[in-house]
Amino acid sequence: MPEETPGDASPVLISIDEGVALVTLNRPSKLNALSAEVLETLFAEFVGLEENEDVHCIVITGSPSAKPPSFAAGADIEEMAEMGGFDLRHYSELGQQTFAAIEGSPKPVIAAINGFALGGGLELAMACHIRYAAEGAKMGQPEVTLGIIPGFGGTQRLRSLVGRGRALELLLTGESISAEYAHRLGLVNSTVPHGELMGVVMALAKKIAGNAPVAVQFILDAVCRGSEMSPQSALSLETDLFGLVGVTDDVREGMQAFLEKRRAAWKGR
Ligand code: COA
């Protein structure tokens, strides 16, 4: 049975089922805008999910009650409107710390973009390891139209995902793009009809959650940490992790299960 954090008023809901934690941004009346409270709660929840041995993959989505459908319509403009430079700097640090925890999570994180992913919403999606979007979802970095700039990592992650020229075009115009165009740019892995998004993403998450946990963690580490290294150092990291995975019980179990034509029973060590 899925478990839920107590209280529907929580800005972030968590349910866990078959090794997958579903994290739902829960501010539908504000199109799931990312207030400081949402960011702080997300950060705390990710620390908990990292330690939770029942969780092997994480999905983030926006409350389906938001009308129009929204993953997250940005950082909270109402909150930011009251902030001076010092507070905005602190807000940026909070967002960056939270999204760094997501990007650096040892468990794969999938964004299920079920509607608007604007500003901080797109920055959150870009901090995830895999992105699936509902057809009809809109994405963009409209900060420049508000007189600000992205502060939760958007200038860097968008550039690394779609290239400098395309990133600058989106950042400097503030225009939103369709899920289909985002797919063509490589900003999302796939687009799915709106009603099928959660089914498709949960099936993907459960498939990942069913694989050897240490191997999954090491693949994330090799790809994510490796992308910040020189090619030679990254290959060296891959070799080290390849050797390290070899001392786990699961490597014997995985190969034995293949030879015995049965499903592997992973221990996660
Ligand atoms: N921060 C705070 N509140 C937000 C928000 C945000 N980023 N985005 C939407 N909301 C709130 C609206 O203020 C409104 O609240 P209200 O009912 O109390 O007035 C509610 O969510 C619904 O939004 P609304 O603008 O009425 O919906 P819409 O269907 O007309 O437009 C959007 C939808 C997404 C196009 C529009 O809300 C929008 O442009 N949002 C801001 C996007 C943005 O600039 N994000 C980057 C922030 S850095």
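The values are calculated or read from the model by the stated rules, or taken from the named source; none is laboratory data. Just so it is clear, the structure is predicted and the values come from calculations on it, not from any experiment. Here Cβ is always computed from backbone atoms with ideal geometry, including for glycine, and neighbour counts include all displayed protein chains. With ligands, DNA and RNA removed, areas are computed over all heavy atoms of the protein, side chains included. Shrake-Rupley method; radii C 1.70, N 1.55, O 1.52, S 1.80 Å.
Conditions (1) touching a Gly at 6+ places or on another chain (Cβ under 8 Å); (2) of a type in the set (A, V, I, L, M); (3) away from the ligand (no atom under 15 Å from the Cβ), marked per residue:
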{"residue": "Gly115", "(1), (2), (3)": "yes, no, no"}
{"residue": "Leu118", "(1), (2), (3)": "yes, yes, no"}
{"residue": "Glu123", "(1), (2), (3)": "yes, no, no"}
{"residue": "Met126", "(1), (2), (3)": "yes, yes, no"}
{"residue": "Arg131", "(1), (2), (3)": "no, no, yes"}
{"residue": "Ala134", "(1), (2), (3)": "yes, yes, no"}
{"residue": "Lys138", "(1), (2), (3)": "yes, no, no"}
{"residue": "Thr145", "(1), (2), (3)": "yes, no, no"}
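Okay, residues lined up against (1) open to solvent by 10 Å² or more (accessible area, probe 1.4 Å); (2) in contact (Cβ under 8 Å) with a residue 60 or more places away in the chain; (3) outside any strand (DSSP E or B); (4) within 16 Å of the ligand (Cβ to nearest atom):
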| site | (1), (2), (3), (4) |
| --- | --- |
| Ala9 | yes, no, yes, no |
| Leu13 | yes, no, no, no |
| Ile16 | yes, no, no, no |
| Val23 | no, no, no, no |
| Val38 | no, no, yes, yes |
| Ala44 | yes, no, yes, no |
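I'd like to verify a number: residues in segment 73-84 that are more than 8 Å from the ligand (Cβ to nearest atom) and open to solvent by less than 60 Å² (accessible area, probe 1.4 Å), how many? Write out each step before concluding.
Within segment 73-84, the first condition is being more than 8 Å from the ligand (Cβ to nearest atom), and the residues that meet it are 81-84.
Narrowing the set further to residues that are open to solvent by less than 60 Å² (accessible area, probe 1.4 Å) leaves 83-84.
Looking only at that region, the number is 2.
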Among the residues of segment 136-152, write down those that are free of Cβ contacts under 8 Å to residues at least 40 places away in the same chain, part of a loop (DSSP other than H, G, I, E, B) and open to solvent by less than 10 Å² (accessible area, probe 1.4 Å).
-> Gln141
Examine segment 229-244 for a residue that is of a type outside the set (Phe, Trp, Tyr), in a loop (DSSP other than H, G, I, E, B) and exposed (fewer than 12 other Cβ atoms within 10 Å of the Cβ), and state whether such a residue exists.
-> yes
Cβ pairs under 8 Å, 6+ apart, first in segment 180-191 and buried (at least 21 other Cβ atoms within 10 Å of the Cβ), second charged (D, E, K, R) and at pLDDT below 95 | none
